[in-house]
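These notes concern the structure reproduced below.
Where a number appears in this text, it was derived from the coordinates with a stated rule and is not lab data. Here the structure is a predicted model, which is why all the values come from computation and not from measurement. Cβ atoms come from the backbone with ideal geometry, glycine included; neighbour counts cover every protein chain shown.
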Amino acid sequence: MTACDLDVVLYFYEEMDTADRVRATAHLRECAACRQRLEDLHAIRRALSERPAVDAPPAGDWSGFMRRLDAAAGVTRARAVPPPTAVLEHATDAAGRCDTSFRWRR
């Protein structure tokens, strides 16, 4: 078995049949490149298992997170334009039917 023949990912996830796994184990004893790829997969698994759980903020509002992330990264953003004080509303005619035009309510 050569480095090209061994599917390290299948070995890592234990998705090989017994005979292939025995051959792969023997190959790993001899092949430093495949051992390194296998160790890389184990390192990724360890790193992912050690990360803190991150829950979505209430109502999906990520603005606080983004502010902290920007502060940590040293990013300054332009201030958001404040919303208009007027509100767009749709109009209805005398019979209560929706008018296709819109007007600003102040």
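Projecting label points 7 angstrom from Cα along Cα→Cβ for GLN36 and ASP70 puts them 4.2 nm apart. Of the residues PHE12, PHE65, the one with the fewest other Cβ atoms within 10 Å heads the list, and the complete ranking is PHE65, PHE12.
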